[in-house]
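Have a look at the structure below, then the notes.
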Amino acid sequence: MPSRSCLEPSPTAPSITPAAEAFLLAGGTGRRLGGEDKRFLPFRGQPLYARQLEKLSSVFARTTLLCKEGEHGRFGLWNGAVVEEGTPGSALLNGLISGLEHCASPAGFFLGVDLPLLPVRALEFFRDLPAEEKIVVARTEGRIHFACALYPRSVLPVLLRHRDRSEYRMTALLAALPHRVLSEDELPFLREEPRALFNLNGPGDLETLSRLERRGSGG
């Protein structure tokens with residue numbers, strides 16, 4: 001995918017789908033990466049956040065960057081919508097709330113900045129899922145990927161209540177809401193890219209990513 005000096009929403013992305021909007025969760029810095037801010041790690045010639053936004057905007061009719069309050073200016077390659085969030089607590093939960101508060105579609109697709117190998121065909125898969133009044137989230141190797149999921153706007157009141165009570169555990173939140181967990185067998189893009197949901201979470205993951213890149217993994 002060619003890089004651009006300034007990223008803008010794609011004019012060719014479809015406009016009528018149950019989840020026509022996407023949100024990039026970029027409020028966390030990834031302190032466990034040994035001091036590296038994962039959002040700005042160079043990946044295939046671009047900062048990681050820019051590559052994720054480029055993929056999202058090629059698939060969804062509207063893409064919004066979610067970041068911390070006062071950080072908008074750090075994401076200078078993105079010319080699309082930005083929502084800043086200044087509430088203390090869980091960056092993931094705050095990002096979901098901010099996104100859904102600004103979502104005009106029945107549901108929004110939320111992607112973490114730290115899933116560098118997720119291919120465009122995976123985004124298309126989530127975009128084209130039938131509309132459901134429930135969270136739809138992927139699970140691989142026993143791990144639920146809360147930052148690669150569809151969230152309907154209808155869950156917003158429950159998210160707000162959990163935040164008001166400082167209940168940030170996503171497993172507890174999922175248990176309190178209608179949801180569907182997709183197994184590996186239900187994720188067709190894994191057949192072509194088994195490491196599509198590889199997550200940058202710790203220093204060792206940077207080495208793993210480099211090794212996967214040398215092998216020619218997707219994303």
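Values in this text are rule-based calculations from the coordinates and carry no lab data. As the structure is a prediction and not an experimental result, all values here were calculated from the model. Every residue, glycine among them, receives a Cβ derived from its backbone with ideal geometry; neighbour counts consider all protein chains shown.
Quote the charge dipole size of the chain about the Cα centre in Debye, to the nearest 20; the model charges only the Cβ of Lys and Arg (+1) and of Asp and Glu (-1). The partial results should precede the final answer.
Values: 27 positive and 26 negative charges, 59 e Å.
Dipole magnitude for the chain comes out near 280 debye.
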Please report the projected area of the chain's Cα convex hull averaged over all directions, in nm². 11.4 nm²
Residue (of Leu156, Leu209, Leu190) at the positive-pole extreme of the chain, dipole from beta-carbon charges: Leu209
Once the dipole of the stretch 21-215 is set up from charges on Cβ (+1 Lys and Arg, -1 Asp and Glu), the residue from the list Leu66, Phe40, Leu177 lying farthest towards its positive end is Phe40
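Where both partners of a DSSP beta bridge lie in the chain, what percent of those bridges are antiparallel, to the nearest 5?
On the way: 12 of 32 bridges.
Looking only at bridges with both residues in the chain, the antiparallel portion is about 40 percent.
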At a Förster distance of 30 Å, what's the computed FRET efficiency of Val181 paired with His72, Cβ-Cβ distance as r, to 0.05? 0.35
Listing Ser183, Ser105 by rising number of other beta-carbon atoms within 10 angstrom, fewest first, gives Ser183, Ser105
Choose one answer from Ala149, Ala176, Ala138: the residue with the largest mean-square fluctuation in a GNM of the chain with alpha-carbon springs under 10 Å. Ala176
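Using the Kirkwood radius built from alpha carbon pairs, what does the Stokes-Einstein equation give as D for the stretch 80-139 at 25 °C and 0.890 mPa s, in µm² per second? Spell out each step's value before the answer.
On the way: Rh = 13.3 Å.
Rounded to a whole number, D works out at 184 µm²/s.
Exposure proxy check: Glu184, Glu54, Glu21 ranked by fewest other beta carbons within 10 Å?
On the way: Glu184 13, Glu54 21, Glu21 24.
Sorted ascending by nearby Cβ count, the order is Glu184, Glu54, Glu21.
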Cβ-based exposure ranking for Val59, Val181, in which fewest neighbours within 10 Å come first: Val181, Val59
